[in-house]
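Note sheet for the following structure.
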Amino acid sequence: MSKRAILPREADDPIAEEVAAFLAAHPDFLSRRPELYRVLTPPKRVHGENLADHMAAMVAAERARLRTLEAEVAEAIADGRAGAGLVLRVRLAVLALMRARDVPETVMQELPPLLRVESCNLLAEPRAPLSARHGTALPRHGIRPLPEGAVARLLGGGRDARVRPEPDEVELLHVEAAGLVVRDALVRVPLWCGTPCLLALGAREAAALPARQTAQTLAFLGRAVAAAMAR
């Protein structure tokens with residue numbers, strides 16, 4: 001007798017017969033698709049161990065889903081706390097910029113301990129050295145050179161800030177601190193003269209630069225640096 005012959009027939013639902021026949025021909029189908037257990041109605045424990053095993057599989061699948069959700073919630077909470085901490089540190093950095101007489105020096109020397117990172121560097125492309133509106137030159141000291149087009153390439157289209165969990169080109173961006181950097185943040189500095197400029201933050205600990213909910217905070221820091229340099 002074939003497997004299909006022993007399955008109950010549903011005369012009013014030929015599709016059900018096709019599904020039943022498919023499952024009979026592929027007995028390991030559900031074990032390979034555990035996510036289906038979330039939408040199936042569990043069997044009663046009255047027809048032997050096979051049905052009991054299906055119920056156990058459904059329970060195991062649901063528990064695995066709950067563990068995944070719990071991990072995601074815990075990660076979101078941790079990111080939220082880290083993001084709030086970054087906001088406070090950026091405020092302290094902005095206060096330091098407001099009183100700075102030498103902005104590049106303040107960025108390199110004062111901002112790292114305030115932001116709890118290993119390095120802060122200003123980098124700019126060699127373009128538009130003078131501002132026609134302000135009549136002031138972009139400071140030459142304390143600003144490291146970048147190849148033309150590097151700011152757009154590193155930040156990506158339309159972004160003012162990004163956190164990179166796996167940074168590259170660390171020697172170019174973080175210089176002597178490159179060997180310590182495990183995560184970095186790149187922030188656009190919108191200078192008055194139009195020169196593409198970047199603030200590069202390099203962190204030894206990933207928690208110093210949370211990946212979520214930080215782009216606006218870092219973009220604000222970049223604007224604050226630009227405003228301080230325009231004074």
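Here are some notes:
- Per-q log10 I(q)/I(0), segment 158-231, q = 0.23 Å⁻¹ (Debye; single scatterer per alpha-carbon; no solvent): -1.03
- Approximating the spin labels as points 7 Å out from Cα along Cα→Cβ, the residue 175-to-residue 18 distance works out to 6.9 nm.
Each reported figure results from applying straightforward, stated rules to the coordinates on display, with no laboratory input. Worth saying up front: this structure is predicted, and the values here are computed from it rather than measured. Positions of Cβ are generated from backbone atoms using ideal geometry, with glycine treated the same way; all protein chains shown enter the neighbour counts.
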